Each structure stands twice: as C-alpha cells, then as structure tokens.
Amino acid sequence: MAGRLTGKVALISGAARGQGAAEAKLFAREGARVIAGDILVEEGQALVRSIRDTGGEATFVKLDVTSEESWKATVETALSTYGRLDILVNNAGILSLTGVEETTLEQWNRVLAINATGVFLGMKYSIPALRKSGGGSIINISSIWGIGGVGASIAYQASKGAVRTMTKSAAMQYVKEGIRVNSVHPGIITTPMVTEGVPEEMRKAIIAATPMGREGKPEEVANVVLFLASDEASFVTGAEYLVDGGYLAQ
Ligand code: NAD
C-alpha cells in the first residue's frame with residue numbers, strides 16, 4: 001500500500017531524539033526516504049538502524065545547523081544518496097530559560113544561531129534542491145513561545161518569533177514555485193528538552209495552564225508535521241499550526 005509520503009525524500013534536522021526522531025520514524029513508515037541530521041552521532045545512527053530494522057529507508061548525517069558547510073554537505077548527501085529532495089523539517093533547537101537581564105550575549109548568540117540562523121540556513125541550502133524536484137514542503141518548528149509571551153525566556157522567544165515570520169516571508173517568496181512553507185508551534189511536549197531542561201515546578205505550571213491538562217507526545221506533533229509535508233496540504237502555505245492542547249486558545 002502506498003504511504004502518504006511515498007516517493008519523497010525528507011531532510012529532518014535535530015532528528016536524533018525527541019520530536020525529530022518521531023518525525024523521522026513516521027515519515028519512513030509513510031514511505032519517505034529520510035535524511036536524519038543531528039550533532040548527536042550515536043543517537044542519530046541508532047535511530048537510522050531502528051528505521052531500517054522496521055523496513056524503512058533512512059541515512060544519518062552529522063549536521064550542525066549553525067554551519068553553512070554542514071548544511072551544504074547534508075543537502076549534497078540527500079541528492080547523492082536518494083537523488084532528490086522534497087521535504088525539509090527545520091526541527092533542531094535548544095531551550096533557554098533566562099530573562100533579559102540574566103541572559104549573557106554569548107547565550108543569546110548561541111540560541112539565535114541554532115534556533116533562528118539554523119532555520120534560515122536550512123531553507124537557503126535546501127530550496128535549490130526542492131526547486132529541482134518541481135516544488136516541495138518546508139516545515140519550520142517554532143513554539144507557542146514564538147507567539148505568546150512567558151517571563152524569563154528572552155532569547156528562545158526571540159528565536160522562535162523569528163522562525164514564525166521567516167516562515168511567512170519564505171512562503172511568500174516561493175509560492176509561485178510550488179514550495180510551501182509553514183510553521184508548527186508545539187506546546188509542552190515530553191522530550192529530553194523538557195525532561196532534562198525544564199524545572200519540575202515550571203513543568204507542572206505549564207501543564208496546569210494547558211486546557212487538556214497534560215503534556216503532548218512527540219508523535220502528536222509528528223502527525224501534524226506529516227500532514228504539512230504531504231500533498232494533502234497542497235493549499236496550505238504561510239500558515240502556523242498550534243499543537244498545544246488548547247494553550248493559546250484561552
Ligand atoms: P530535543 O532536545 O529532544 O531535540 C532537539 C534536537 O536538536 C536534539 O537531537 C539536538 O541534538 C538537536 N540539536 C541541537 N543543536 C543542534 C545543532 N546545532 N545542529 C543540529 N542539531 C542540533 O527537543 P525537542 O522537544 O524534540 O525539540 C524539537 C523542536 O521543538 C525544537 O526546535 C524545540 O525548540 C521545539 N519545541 C519543543 C517543545 C517541547 O516542549 N519539547 C515545545 C515547543 C517547541
């Protein structure tokens with residue numbers, strides 16, 4: 001039976017764990033050939049093995065999203081391994097939970113380099129390959145904190161807000177070339193970013209402020225990303241999709 005992404009090649013950044021890994025597994029199950037990029041080599045290679053063990057097709061590439069050379073090499077690997085590129089998921093990101101006065105310039109630059117510049121570079125070096133395929137789909141992972149305010153997360157919020165508007169800018173620039181660009185805005189999702197990086201009290205407070213009263217699962221984000229990646233979303237571009245258990249509806 002044909003999958004929802006049969007025949008397509010997808011590049012996912014930050015694919016070694018968390019939401020990126022869930023997307024890589026789901027995309028492969030739906031027939032995509034997946035290029036999984038991450039700085040975490042062992043985890044990324046293990047993910048690719050598990051996809052292959054279950055009959056899927058995937059290749060790991062060591063990708064640092066802050067590096068132009070690394071992006072160029074990753075897109076080259078996609079083209080030399082699978083012959084084309086149809087989907088880019090800019091998923092890699094890091095969290096930062098400090099406010100304006102507490103954030104050092106070094107910390108600011110690092111968060112912006114990974115979360116915002118990384119998304120820009122991903123689009124810049126993937127778009128020529130998407131164009132060659134006759135069009136494609138880019139999904140940029142922002143956050144509820146790329147839309148609404150929260151105290152003490154200045155650099156992360158700046159970076160995720162940039163992802164939201166870069167998405168609309170690129171959507172407008174490439175609409176005539178059949179390249180769709182959309183952003184996804186997860187609420188709190190159970191991944192290592194949260195289990196290792198968010199203090200217990202804060203986690204509880206976010207869950208309490210979430211109308212569904214729970215954290216989301218990486219697979220629940222992956223399902224929305226899959227829809228946007230597939231041809232089912234053929235009339236969807238420049239849009240922002242909340243996957244937040246109702247958080248921003250209040
Ligand atoms: P995660 O920490 O589990 O995964 C992030 C991945 O990005 C890791 O595999 C990490 O190695 C990779 N990464 C970090 N820096 C990189 C770099 N320079 N180059 C390449 N890869 C790099 O977190 P996650 O929750 O799966 O996050 C995925 C995305 O979702 C991120 O953009 C995050 O900001 C966003 N997000 C997460 C939540 C949440 O609650 N978990 C909420 C909203 C948005």
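FYI, it's all coordinate maths here, none of it is from the lab. On a predicted model such as this, the values are computed, not experimentally measured, just so you know. Positions of Cβ are backbone-derived with ideal geometry, glycine not excepted, and every protein chain shown enters the neighbour counts.
Observations
- Residue among ARG52, ARG131 that is under 20 Å from ALA222 (Cβ atoms) and more than 16 Å from the ligand (Cβ to nearest atom): ARG52
- Residues being of a type in the set (Phe, Trp, Tyr) and within 9 Å of the ligand (Cβ to nearest atom) - total across the range 146-195: 1
- Selection count, the range 196-241, where residues are within 13 Å of the ligand (Cβ to nearest atom) and either in contact with a Pro (Cβ under 8 Å, 6 or more places away or on another chain) or at positive phi (or both): 2
- Residue count, the range 1-17 (criterion: closer than 11 Å to ASP38 by Cα and among the charged types (D, E, K, R)): 1
- Helices (runs of 4 or more DSSP H) wholly inside the range 170-240 containing at least 3 residues that are surrounded by 20 or more Cβ atoms within 10 Å (Cβ to Cβ) and touching a residue at least 24 places away in the same chain (Cβ under 8 Å): 218-229
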